[in-house]
Amino acid sequence: MFGIAQLGALCGQTNTLKMLLLLVMVCLLFNCAVSGIPKPEEKRVLDHEVINHVPHFQNEEHNKQYDHEAFLGEDAKTFDQLEPEESRRRLGLIVEKIDTDKDSFVNLSELKAWIQYTQRRYIEDDVSRQWKQHNPNNDTDTIHWDTYRKNVYGFMDEMDPKDLDQGDENYSYKAMLSRDRRRWSVADRDGDDRLARAEFTEFLHPEESPYMRDIVVQETIEDIDKDNDGKVSVQEYIGDMYRGREDSDDEPEWVKHERETFSNFRDKNKDGFMDSQEVRDWIIPADFDHAEAEARHLIYEADSDADEKLTKEEIIEKYDLFVGSQATDFGEALTRHDEF
């Protein structure tokens, strides 16, 4: 929900993860605090992964962390540190918030509204955090590109030009800067090289703005298109998700299924490639409501009496689906008592 307080999808979004890790390395090398100026979100929007930062299914295995992020938003990280009993207790308090009509049930519309709320809250918090970092005195209504560039990429001015292309096989510092510059220009609707808060929000979260859809598609193609021919082959499509050998006899079943999906559904004109429109249909499917789909999924998984609504007891019984638990020695120190 994105900004940058998250990891990219570990399966279908491996390039995104590399991008974020590369920035962390840059910060360490140039003595910039990792908690300082963050790199804008570079996530790919994949089907039902529009909001979350991890894939819902990874190698055909259900990934509960996807549900945790959809249900909790940024608070998923807090819950990851809790002991099971404390996790259940706090979940019960959240259920009371979700049950807006106070009938002791959580229905589809209430759960959908909650998931939408967590998404909005994440975006608002992330934009506020980054706005303050680039405009600490809040003395202007806009942020100029030069300010953003200096904060995020100023270290490049002191580098040897030959080192600016260093990175991994997919990204260099110059490429990162170039991508941000292009995205900034698209978000800058009035062309003054300054972003007002609404424009800055679209820059950080282009996947949330219809106006920015073209740049999301373009960045996705660039991430996957290894031969730079402007389209995505089946090999590139699979290669973005799977790093195994190309010998199909040794491929997992889910990879073979994805090959069939590419041929039968992704490549609509059957030319062996996905063009920009086909990529758009893939990552931004028309009429897909993520929040409702996730709400239906959670109800299906937790509705023990099949009445299509959830009691507090049903939700707490499936607490690991909704919030999970990964207890650590310092868990309580990281919790937010003021909210729960």
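The values are calculated or read from the model by the stated rules, or taken from the named source; none is laboratory data. In this text the structure is predicted, and so the values were computed from the model without any measurement. Counting neighbours? That spans all protein chains shown, and the Cβs are built from the backbone with ideal geometry, glycine included. Ligands, DNA and RNA are stripped out before the accessible areas are found, and what is left, the full protein with its side chains, is counted by its heavy atoms. Shrake-Rupley method; radii C 1.70, N 1.55, O 1.52, S 1.80 Å.
What to note about this one:
- Considering (1) more than 29 Å from R120 (Cβ to Cβ); (2) part of a loop (DSSP other than H, G, I, E, B); (3) without any contact (Cβ under 8 Å) to a residue 12 or more places away in the chain, the lone condition that M241 does not fulfil carries the number (3).
- Residue within the range 169-179 that is assigned to a loop (DSSP other than H, G, I, E, B), closer than 30 Å to D307 by Cα and open to solvent by 20 Å² or more (accessible area, probe 1.4 Å) present: no
- Filtering D271, D307, D303, D267 for residues that are at pLDDT 90 or above, over 24 Å from the mean Cα position of the chain (by Cα) and open to solvent by less than 20 Å² (accessible area, probe 1.4 Å) leaves a single hit, D267.
- When the test is whether a residue is surrounded by 12 or more Cβ atoms within 10 Å (Cβ to Cβ) and touching a His at 6+ places or on another chain (Cβ under 9 Å), A293 passes it.
Here's the yes/no breakdown for (1) open to solvent by less than 20 Å² (accessible area, probe 1.4 Å); (2) of a type in the set (A, V, I, L, M, F, W, C):
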| position | (1), (2) |
| --- | --- |
| Y117 | no, no |
| I123 | no, yes |
| K132 | no, no |
| N135 | yes, no |
| N138 | no, no |
| W145 | yes, yes |
| N151 | no, no |
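- Pairs where the first residue, in the range 140-152, is part of a loop (DSSP other than H, G, I, E, B) and the second is open to solvent by less than 60 Å² (accessible area, probe 1.4 Å) and among the small types (G, A, S), C-beta under 8 Å, 6+ apart: D141/A196
- Test: R182 is in a helix (DSSP H, G or I), in contact (Cβ under 8 Å) with a residue 40 or more places away in the chain, open to solvent by 20 Å² or more (accessible area, probe 1.4 Å) and among the basic types (K, R): no
- Just one of the numbered conditions (1) more than 30 Å from R88 (Cβ to Cβ); (2) modelled with pLDDT under 95 is not true of S276: (2).
- Output for the range 62-106, where each listed residue is assigned to a helix (DSSP H, G or I), modelled with pLDDT of 80 or more and either closer than 20 Å to Q116 by Cβ or of a type in the set (V, I, T) (or both): L91, L93, I94, V95, E96, K97, I98
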